[in-house]
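**Student:** Dropping a structure here in structure tokens format, bear with me for questions.
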Amino acid sequence: MSDLVEPVPGVRPSHQAHPARGYVLYVTAALFFAINGTVSKTLLLDGLDPARLSQLRVTGAFLILAVFVAITKPGALRLRRRDIVPLLVYGIAGVAMTQYLYFVALQYLPVGVALLIEFTAPILVALWFRFGYREPTRATVWLALVIALLGLSLVAQVWQGFTLNPIGVLAAAGAAVALAIYYVLGDREVREPEPRDPVSLTMWGFGFASLFWVVAQPWWSYPWATFGGDAQLAGSSLHIWVMATWLVVLGTIVPFWLVVVALKYLRASQASTVGLTEPLLAILIAWVVLGESLTWIQIIGGALILSGVVIAERSR
């Protein structure tokens with residue numbers, strides 16, 4: 001639910017006659033998510049608060065998904081009493097906090113660095129399944145952890161006295177934890193005796209995240225005046241409302257739908273590997289549009305982090 005592309009919990013491919021189609025759809029989703037990182041950072045640099053940007057994204061996505069679910073599967077709009085608490089935790093800890101902490105990280109870190117740190121979430125998930133659920137996990141999960149930590153140390157350039165902004169790093173690490181919670185709780189929800197489908201589950205995640213923000217910062221206090229101007233993106237002046245619309249529609253709803261469709265043609269292991277293209281695309285786009293660049297050492301560190309993620313995914 002950040003801009004991280006990962007297999008949607010519980011989705012199983014119905015057939016794999018056209019894996020190339022799945023790869024194209026998944027890479028397209030990764031591209032939309034990657035572009036959204038730069039769009040989000042531009043909005044943040046223009047003065048929009050991370051909490052308010054998160055509120056706008058989850059609420060807009062919830063409203064669109066609610067209409068879609070009401071048309072295609074109206075029964076999924078019903079909530080059982082026993083579902084409320086798990087979905088509330090899922091929406092607040094998994095969805096709202098992932099969005100918010102990722103946006104905070106973007107204020108202080110390059111887009112690629114923030115994503116690389118957040119991208120360690122699958123390693124945390126593998127560790128949780130090993131120690132929290134006590135499920136069989138290959139010993140390679142430790143190798144994944146060591147490789148990822150080595151990669152993080154290179155990205156942070158610790159031998160130079162830690163060159164990254166500590167607030168940004170803590171926020172990105174918090175986003176990784178929140179994203180891991182999102183995956184674990186989502187996996188649990190779709191494995192219940194009466195599981196929810198991924199689309200309605202995501203809708204309720206966005207819905208409870210929206211409810212959280214309504215309580216934390218009511219809509220009547222929203223700084224709508226912030227949307228009255230323009231922002232510079234790739235040398236062009238765009239109205240902030242246009243960019244905010246991208247954030248919700250093309251940066252959230254469309255790529256999520258592409259992921260769900262792609263998983264009809266791909267195995268989860270294939271999809272998770274293709275998902276690694278997102279931080280790579282995000283780094284390239286941020287370099288071209290925002291002038292953000294990584295050193296060669298940081299690029300090597302990023303490659304190690306992604307390698308650790310692949311190993312962690314295979315360890316379960």
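The values are calculated or read from the model by the stated rules, or taken from the named source; none is laboratory data. What you see is a predicted model, and the numbers here were worked out from it, not measured in a lab. Positions of Cβ are backbone-derived with ideal geometry, glycine not excepted, and every protein chain shown enters the neighbour counts.
**Student:** Does Leu48 satisfy the criteria of being at pLDDT 90 or above and more than 23 Å from Val199 (Cβ to Cβ)?
**Tutor:** no
**Student:** Here's a follow-up. Determine the pairs where a residue that is under 12 Å from Tyr182 (Cβ atoms), located within segment 82-108, has a partner that is in a helix (DSSP H, G or I) and of a type in the set (Lys, Arg) with Cβ atoms under 7 Å apart, the partner being 6 or more residues away or on another chain.
**Tutor:** Gln99/Arg57
**Student:** Sticking with this structure for a sec: Within segment 304-316, restricting attention to residues that are in a helix (DSSP H, G or I) and more than 19 Å from the chain's Cα centre (by Cα), which residue is nearest to Ala156 (Cα to Cα)?
**Tutor:** Filtering segment 304-316 down to residues in a helix (DSSP H, G or I) leaves 304-315.
This time we only want the ones that are more than 19 Å from the chain's Cα centre (by Cα), so: 304, 311, 314-315.
Details: Leu304: 13, Ile311: 22, Arg314: 26, Ser315: 26 Å.
Filtering first and then ranking leaves Leu304.
Conditions tested, residue by residue: (1) closer than 30 Å to Val113 by Cβ; (2) modelled with pLDDT under 90; (3) β-branched (Val, Ile, Thr).
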site: Ala173; (1), (2), (3): yes, no, no
site: Val177; (1), (2), (3): yes, no, yes
site: Gly186; (1), (2), (3): yes, yes, no
site: Glu189; (1), (2), (3): no, yes, no
site: Pro195; (1), (2), (3): no, yes, no
site: Ser200; (1), (2), (3): no, yes, no
site: Leu211; (1), (2), (3): no, no, no
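**Student:** Still on this model: Just wondering, is there one or more residues in segment 78-100 that are surrounded by 22 or more Cβ atoms within 10 Å (Cβ to Cβ), closer than 23 Å to Gln232 by Cα and aliphatic (A, V, I, L, M)?
**Tutor:** no
**Student:** Also: Could you list, in sequence order, the residues of segment 112-153 that are part of a helix (DSSP H, G or I), small (Gly, Ala, Ser) and within 13 Å of Ala180 (Cα to Cα)?
**Tutor:** The answer is Ala121, Ala126.
**Student:** While we're looking at this one, here's another question. For segment 60-69, indicate whether the set of residues that are buried (at least 22 other Cβ atoms within 10 Å of the Cβ), over 15 Å from the mean Cα position of the chain (by Cα) and either hydroxyl-bearing (Ser, Thr, Tyr) or part of a helix (DSSP H, G or I) (or both) is non-empty.
**Tutor:** Of segment 60-69, the ones buried (at least 22 other Cβ atoms within 10 Å of the Cβ) are 61-62, 65.
Retained after the next criterion (residues that are over 15 Å from the mean Cα position of the chain (by Cα)): 62, 65.
In the following step, the residues that additionally are either hydroxyl-bearing (Ser, Thr, Tyr) or part of a helix (DSSP H, G or I) (or both) were identified as 62, 65.
There is at least one residue in segment 60-69 that is buried (at least 22 other Cβ atoms within 10 Å of the Cβ), over 15 Å from the mean Cα position of the chain (by Cα) and either hydroxyl-bearing (Ser, Thr, Tyr) or part of a helix (DSSP H, G or I) (or both).
**Student:** Here are some conditions: (1) within 30 Å of Arg314 (Cβ to Cβ); (2) more than 19 Å from the chain's Cα centre (by Cα). Thr120 meets all but one. Which one does it not meet?
**Tutor:** With respect to (1) within 30 Å of Arg314 (Cβ to Cβ); (2) more than 19 Å from the chain's Cα centre (by Cα), Thr120 is out only on (2).
**Student:** Out of the residues in segment 254-288 that are surrounded by fewer than 19 Cβ atoms within 10 Å (Cβ to Cβ) and at pLDDT 85 or above, which is nearest to Glu313 (Cα to Cα)?
**Tutor:** Leu280
**Student:** Go through segment 169-183 and count every residue that is surrounded by fewer than 20 Cβ atoms within 10 Å (Cβ to Cβ) and either more than 16 Å from the chain's Cα centre (by Cα) or among the hydrophobic types (A, V, I, L, M, F, W, C) (or both). Quick ask: steps written out before the conclusion?
**Tutor:** Step one: list which residues in segment 169-183 are surrounded by fewer than 20 Cβ atoms within 10 Å (Cβ to Cβ), which gives 170, 173-174, 177.
Right, trim to either more than 16 Å from the chain's Cα centre (by Cα) or among the hydrophobic types (A, V, I, L, M, F, W, C) (or both) and you get 170, 173, 177.
Total satisfying the criteria: 3.
**Student:** Would you confirm, using the coordinates I've provided, whether Ala225 is surrounded by 15 or more Cβ atoms within 10 Å (Cβ to Cβ) and farther than 29 Å from Leu201 by Cα?
**Tutor:** Details: surrounded by 15 or more Cβ atoms within 10 Å (Cβ to Cβ): no; farther than 29 Å from Leu201 by Cα: yes.
Taking the combined requirement at face value, the residue does not satisfy it.
**Student:** Somewhere in segment 108-127, is a residue out of contact with any helix residue (DSSP H, G or I) (no Cβ under 6 Å at 6 or more places or on another chain) and charged (D, E, K, R)?
**Tutor:** no
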